[in-house]
Amino acid sequence: MLVSATEMLKKAVEGHYAVGQFNINNLEWTKSILQTAQENNSPVILGVSEGAGKYMTGYKTVSAMVSAMIEELGITVPVALHLDHGSYEGCYKCVKAGFSSIMFDGSHFPIEENVKKTTELVHVAHNLGLSIEAEVGSIGGEEDGVVGAGEIADPEECKKIADLGVDFLAAGIGNIHGKYPENWKGLDFDALAKIKELVGDMPLVLHGGTGIPEDMIKKAISLGVAKINVNTECQLYFQEATRKYIEEGKDLQGKGYDPRKLLAPGAEAIKVIVKEKMELFGSIGKA
Ligand code: 13P
């Protein structure tokens, strides 16, 4: 069933684990992630960036596909369909299209404007039973055209945005979208602890989940992170498996050119990494 992410993340904070947000790009990815969640009895959040939404021809298509797939595959674990790094306009489009959760990324606005727009969107989302995520500081790197400098979030600003009634908060703590550079300094746990102290039980979100070492993930969860976003790592697994299939000449054997055969190794590889992440985040068996 498609649900908001509020309840699942509240339970995650109480149970000291995190729910994975896995970004989707097409039917194969959606199917792999939903099946893995179901097989492992784990709640799951499907993330849709504005770029991926456009690629899949629009949010209405995505929403219809996900809802239908949940029904056709008999998925019973809680699934949230969430707009990732949404613009103000994008949030309204997803609300209309039937998403169950939105993220308003107002981190590039001056704080007053971020507050004003977030307040408005919190009301819209809550009136319709959707959950809403906001961002303070910025996530470094680039994701689908959303570029961030990677500033560490100011705990006071986090408190200010949390008090607007958002359901979960993404705070930049040195995390980066995409692959981490060799000289990455790691997550800023002092900043995370200060933020946690001020925002209490508000579930915190760790973007840029790809490539963060396991011990850092576990420490982040112990400090209040309850949602972890993973995108690039699924892309890398998909790419590697697809490359192997072609390099081994399998597309040239029999009907190996059939797109359903061609995309199958990548789809299977996504299941492997999603399960690994669910194990690491501790969400298995928590549906
Ligand atoms: P990665 O692509 O680094 O895993 O980050 C995903 C993310 O944060 C989506 O918002």
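The values are calculated or read from the model by the stated rules, or taken from the named source; none is laboratory data. Quick caveat: nothing in here was measured; it's all calculated off a predicted structure. Counting neighbours? That spans all protein chains shown, and the Cβs are built from the backbone with ideal geometry, glycine included.
Below are the figures for this structure:
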quantity: Matching entry among 180, 245 (being in contact (Cβ under 8 Å) with a residue 12 or more places away in the chain, within 16 Å of the ligand (Cβ to nearest atom) and of a type in the set (Ser, Thr, Tyr)); calculated: 180
quantity: Any chance residue 129 is at positive phi, within 15 Å of the ligand (Cβ to nearest atom) and either part of a loop (DSSP other than H, G, I, E, B) or touching a strand residue (DSSP E or B) at 6+ places or on another chain (Cβ under 8 Å) (or both); calculated: no
quantity: Residue count for the stretch 92-120, restricted to those that are surrounded by fewer than 24 Cβ atoms within 10 Å (Cβ to Cβ) and either within 13 Å of the ligand (Cβ to nearest atom) or among the aliphatic types (A, V, I, L, M) (or both); calculated: 4
quantity: In the stretch 104-119, the residues that are at pLDDT below 90, part of a helix (DSSP H, G or I) and touching a strand residue (DSSP E or B) at 6+ places or on another chain (Cβ under 9 Å); calculated: 111, 114
quantity: Residue match in the stretch 67-80 (condition: within 16 Å of the ligand (Cβ to nearest atom) and either part of a strand (DSSP E or B) or within 21 Å of residue 20 (Cβ to Cβ) (or both)); calculated: yes
quantity: Residues of the stretch 153-202 classified as in a loop (DSSP other than H, G, I, E, B) and within 20 Å of residue 215 (Cα to Cα), total; calculated: 16
quantity: Where residue 212 falls short, out of the listed (1) within 16 Å of the ligand (Cβ to nearest atom); (2) part of a helix (DSSP H, G or I); calculated: (2)
quantity: Candidates 182, 142 - the one that is out of contact with any Gly (no Cβ under 9 Å at 6 or more places or on another chain), within 26 Å of residue 236 (Cβ to Cβ) and surrounded by fewer than 14 Cβ atoms within 10 Å (Cβ to Cβ); calculated: 182
quantity: Search result, residues across the stretch 1-28 that are touching a helix residue (DSSP H, G or I) at 6+ places or on another chain (Cβ under 8 Å) and among the hydroxyl-bearing types (Ser, Thr, Tyr); calculated: 17
quantity: Count - residues of the stretch 1-22 that are over 16 Å from residue 170 (Cα atoms) and within 16 Å of the ligand (Cβ to nearest atom); calculated: 0
quantity: Cβ pairs under 7 Å, 6+ apart, first in the stretch 83-98 and more than 16 Å from residue 144 (Cβ to Cβ) and of a type in the set (Ser, Thr, Tyr), second assigned to a helix (DSSP H, G or I) and more than 16 Å from the ligand (Cβ to nearest atom); calculated: 88/117
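To keep it simple, each residue is scored yes or no on (1) at pLDDT 95 or above; (2) surrounded by fewer than 24 Cβ atoms within 10 Å (Cβ to Cβ).
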position	(1), (2)
171	no, no
176	no, yes
198	yes, yes
206	yes, no
223	yes, yes
